[in-house]
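J.: Sharing a structure, written as structure tokens. Questions coming.
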Amino acid sequence: MRSRPRTIHPVLLLALSAVLGGCGKSTPLGAAGDAAARVYVAPGQYDELYAFFSGGFSGNVSVYGLPSGRLLQQIPVFSQFPEKGYGYSEQTKAMLNTSYGFIPWDDSHHPQLSITDGKADGRWLFINGNNTPRIARLDLSRFDTDEIIEIPNSAGGHGSPYLTANTEYAVSATRFAVPEPQQDMSIKDGKFGGMISFVKVDPKSGAMSLAFQIHVPGYDYDLSRSGKGPSKDWSFFTSYNSEEAKTLLEANASQKDKDYIAAVNRTIAVQCVAQGKAKDWKTPYAHNWVGGDGVARTEMLKTEKVLEVTDCPGMIYFLPTPKSPHGVDVDPTGEYIVAGGKLATVIPVHSFSKMVKAIEAKAFDGEVGGIPVLKYDQVIAGEVQNPGLGPLHTEFDGKGYAYTSIFISSEIVKFSLKDFKVVDRIPTYYSIGHLMIPGGDTEQPYGKYMVALDKITKDRYLPTGPELAQSAQLYDISGDKMKLLLDFPTAGEPHYAQALPASLLKDKQLKTYQLSQNKDPFVTKSENDVKVVRRGTKVDVYMTAIRSHFLPDNIEGIQVGDSVYFHVTNLEQDWDVPHGFAMLGAHNSELLIMPGQTRTLAWQPERAGIFPFYCTDFCSALHQEMQGYIRVSPKGSSVKLSWNGGAQATASAGGGK
Ligand code: K7E
Ligand code: CUA
């Protein structure tokens, strides 16, 4: 959630204002005495971990080194990103296609590293788009978005893209109940529904495909985690608003003492689908991916397999959970399912083994929407007393302790999974949402560090107008007591993050694209091959870039009303030598072209004149000389098409033959 205090119960607002009301300076800094030494990574030295942060409403992912907190990279995912030409170049535009058309923005919350044998394998990063529900897959040898699949029959893909224990599936749950399937109906009187989706991940290629969906009651499904070890067949989804309120949810969705965690047995669901128990629904959705030619394409799909809960007994149960739960997190052993009830006074911890017994014994408190409700006292392992106000998310250190973020009272509590007693607590600055322990959601936490992802920074940094920095904090969790090490601002609003040891990624980074392997349909592999081709009003410019010139760099015979495509191939085969390309007056961003890669900028000249273009990336001592001109003549002009460079050059333009 973009957690302004508006989601909070009025009574708790008082407590909130007590925390945030002043400017918070009364809280001592509380950093560890040796904090500076613990986070100092000397110039030229590498960090110990890569950390991937969601950008929230930036729609992207940012990459930091830990423990230094140094920003290493921003990876565009759901939002156009002019710095890299992402969503602007012809090769990348299709990544942002949806059934609603081209959507150049989303709200990304939950990065998930691919997992093999219970721990991060360094292959892919998945992340959800909330607003127009989507899941993206990024390749971690290139730090690039390779695939985005839209989730149909969904509104608000928040509980996503949480992975199953071996990356078999990524899941998604509808945050907003809507008519299922979508149709015109009264908001007040209409019966809305929810949808839980399972997206299959190909174990070799990572390619995603929608496997099946489960039509569930119209609550707000919030977050998810899948089981591990003994619980690996199960996925858990929190829901709130079991009141099914349609208006003023802050009060109307907070009536009941308990909402539900939905426990879904994936194996039974898969069997039901195989037995033909799912129905075909017809909601269009887009699947976008980068092909072997480096060009993104879109397939519009039309059919999804939807299971009704009553058609697949044993597939889904409800665990009553106080109160308006947000996070649901499964410990490394797969036994404990920890919920974060935003308005709850305790942290409820469910037991997987008790849940299985309760299902066998049919210990139900009736059912809702065809889903059996398990008896709370038959599934609860324990309740953490006095955790603080507004527990949200929990991660684990693999040594028997859980760490829960507490939003309203701005702190993290550490509790023992043996007796559910709080053993330590430490302030955050301020209003923590998620927290992250590297590997802390896997079977083998890396431990050592913990990161708080904060909503509000107030007085922590130099003020910057009405909007202040978003922020994260790094803690040392290697000892009994948590210790604050570092504050660092983040790009975008960090909801969640994941981290893994640098050794898993640093030696497998792609350094250049092989020019000889470039299969872009408009590649130019040598300066001999540069050319300009007109077909009617469409003009294709086959251009090359190498330190420190473009070819051709003079083109005449372009006319107002043409559609000009600059297909620029970077001929460099050295690491870290991208070239840029930008054109005066283009309704577009720059291109940023990696070594060996081709990128295309579309340009519609609107007036006659001489238009310069240039390289935007400071690539060499003569970077400022890396420029050229296009002559644009009025429509119907007799100026002949000509250019310089290349075996077929017909250039009469300056510098031509
Ligand atoms: Cu708690 Cu969107 Cu995971 Cu924000 S979410 S905090
Ligand atoms: Cu190429 Cu600057």
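The values are calculated or read from the model by the stated rules, or taken from the named source; none is laboratory data. Just so it is clear, the structure is predicted and the values come from calculations on it, not from any experiment. When we count neighbours, we look across all protein chains shown, and the Cβ atoms used for this are built from the backbone with ideal geometry, even at glycine. These area figures cover heavy atoms from the full protein model, side chains too; ligands, DNA and RNA do not enter into them. Shrake-Rupley method; radii C 1.70, N 1.55, O 1.52, S 1.80 Å.
Let's see how each residue does on (1) on the phi > 0 side of the Ramachandran plot; (2) open to solvent by 40 Å² or more (accessible area, probe 1.4 Å); (3) under 30 Å from the mean Cα position of the chain (by Cα):
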position	(1), (2), (3)
Leu515	no, no, no
Lys519	no, yes, yes
Ser548	no, no, no
Pro552	no, no, no
Glu556	no, yes, no
Phe581	no, no, yes
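J.: Taking Val264 as the residue in question, decide whether it is aliphatic (A, V, I, L, M), away from ligand 1 (no atom under 16 Å from the Cβ) and touching a residue at least 60 places away in the same chain (Cβ under 8 Å).
T.: Considered against the rule, which asks whether it is aliphatic (A, V, I, L, M), away from ligand 1 (no atom under 16 Å from the Cβ) and touching a residue at least 60 places away in the same chain (Cβ under 8 Å), Val264 comes out as yes.
J.: Considering only segment 535-546, state which residues are open to solvent by less than 30 Å² (accessible area, probe 1.4 Å) and either without any contact (Cβ under 8 Å) to a residue 12 or more places away in the chain or within 16 Å of ligand 2 (Cβ to nearest atom) (or both).
T.: Across segment 535-546, the qualifying residues are Met543, Thr544, Ala545.
J.: State whether one or more residues within segment 496-507 are in contact with a strand residue (DSSP E or B) (Cβ under 7 Å, 6 or more places away or on another chain), within 16 Å of ligand 1 (Cβ to nearest atom) and assigned to a loop (DSSP other than H, G, I, E, B).
T.: Among the residues of segment 496-507, at least one is in contact with a strand residue (DSSP E or B) (Cβ under 7 Å, 6 or more places away or on another chain), within 16 Å of ligand 1 (Cβ to nearest atom) and assigned to a loop (DSSP other than H, G, I, E, B), which makes the answer yes.
J.: Is there a residue in segment 417-436 that is part of a strand (DSSP E or B) and of a type in the set (Phe, Trp, Tyr)?
T.: Looking through segment 417-436, none of the residues is part of a strand (DSSP E or B) and of a type in the set (Phe, Trp, Tyr).
J.: Another question about this same structure. Which residues, taken from segment 232-259, are modelled with pLDDT under 90 and open to solvent by 80 Å² or more (accessible area, probe 1.4 Å)?
T.: Answer for segment 232-259, where residues must be modelled with pLDDT under 90 and open to solvent by 80 Å² or more (accessible area, probe 1.4 Å): Glu250, Gln255, Lys256, Asp257.
J.: Related question: Tally time: how many residues in segment 116-145 are over 22 Å from Pro494 (Cα atoms) and of a type outside the set (Lys, Arg)?
T.: Of the residues in that region, 5 qualify.
J.: Report, by residue number, each residue of segment 170-185 that is in contact (Cβ under 8 Å) with a residue 12 or more places away in the chain and surrounded by fewer than 24 Cβ atoms within 10 Å (Cβ to Cβ).
T.: Result: Phe176, Val178, Pro179, Glu180, Pro181, Gln182.
J.: Still on this model: Could you pull out every one of the strands (runs of 3 or more DSSP E) wholly within segment 133-229 that has 2 or more residues that are among the charged types (D, E, K, R)?
T.: Result: 134-139, 144-150, 220-226.
J.: Within segment 622-631, can you find the residues that are open to solvent by 60 Å² or more (accessible area, probe 1.4 Å) and either part of a strand (DSSP E or B) or within 16 Å of ligand 1 (Cβ to nearest atom) (or both)?
T.: Gln627, Tyr629, Arg631
J.: So, one more: If Glu493 satisfies all but one of (1) assigned to a helix (DSSP H, G or I); (2) within 16 Å of ligand 1 (Cβ to nearest atom), what's the number of the condition it fails?
T.: Against the list (1) assigned to a helix (DSSP H, G or I); (2) within 16 Å of ligand 1 (Cβ to nearest atom), Glu493 comes up short only on (1).
J.: Take segment 50-107 and flag every residue that is basic (Lys, Arg) and out of contact with any strand residue (DSSP E or B) (no Cβ under 6 Å at 6 or more places or on another chain).
T.: Arg70, Lys93
J.: Among the residues in segment 426-446, are any free of Cβ contacts under 8 Å to residues at least 40 places away in the same chain and surrounded by fewer than 20 Cβ atoms within 10 Å (Cβ to Cβ)?
T.: No, there is no match, as no residue in segment 426-446 is free of Cβ contacts under 8 Å to residues at least 40 places away in the same chain and surrounded by fewer than 20 Cβ atoms within 10 Å (Cβ to Cβ).
J.: Sticking with this structure for a sec: Please go through (1) more than 30 Å from Val577 (Cβ to Cβ); (2) out of contact with any Asp or Glu (no Cβ under 7 Å at 6 or more places or on another chain); (3) buried (at least 21 other Cβ atoms within 10 Å of the Cβ) for Met95 and return the number of the only condition it doesn't satisfy.
T.: The number of the failed condition is (1).
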